[in-house]
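Novice: What follows is a single structure, and I will ask about it in a moment.
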Amino acid sequence: MVFLFSRIKGMLFLLFLPCFCSGQPAPPPLRFSTFLDPSNMVYLRWDHDEQELMSFELRVHTTGWVAFGFSPHGELLGSDIVIGGVFPNGSIYFSVS
């Protein structure tokens with residue numbers, strides 16, 4: 001996995017990837033979790049279901065943006081990345097590449 005983070009500061013930015021579509025039951029609690037940094041400011045929770053569909057929750061103290069990526073070999077090249085953040089006016093954005 002590849003993790004990129006902006007300067008870590010006060011605002012809590014929450015990235016929750018599972019889709020919450022109307023009419024669908026709420027997902028079960030995420031069973032696995034770990035802090036990804038020695039300061040305990042980057043917290044990852046995850047789980048999978050019987051069909052091996054993965055759900056992730058990433059909590060990060062950041063001043064603007066966070067990126068979360070997956071790679072078969074732990075390299076940036078060829079990885080799948082989600083980037084999200086908060087603009088100065090408070091609006092939120094997400095981008096998937």
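Novice: Treating only the Cβ atoms of Lys and Arg (+1) and Asp and Glu (-1) as charged, compute the dipole magnitude of the stretch 32-96 about its Cα centre; round to the nearest 20 debye.
Specialist: Its charge dipole is roughly 380 debye.
Novice: Now, a different point. Just want to confirm a number: the relative contact order over the stretch 32-96, from Cα pairs under 8 angstrom separated by 6+ residues, in percent.
Specialist: 19
Just so you know, all these numbers are worked out from the coordinates, no wet-lab data involved. These numbers were taken from a predicted model, which means no experiment stands behind them. Please note: Cβ atoms are built from the backbone with ideal geometry, for glycine as well, and neighbour counts cover all protein chains shown.
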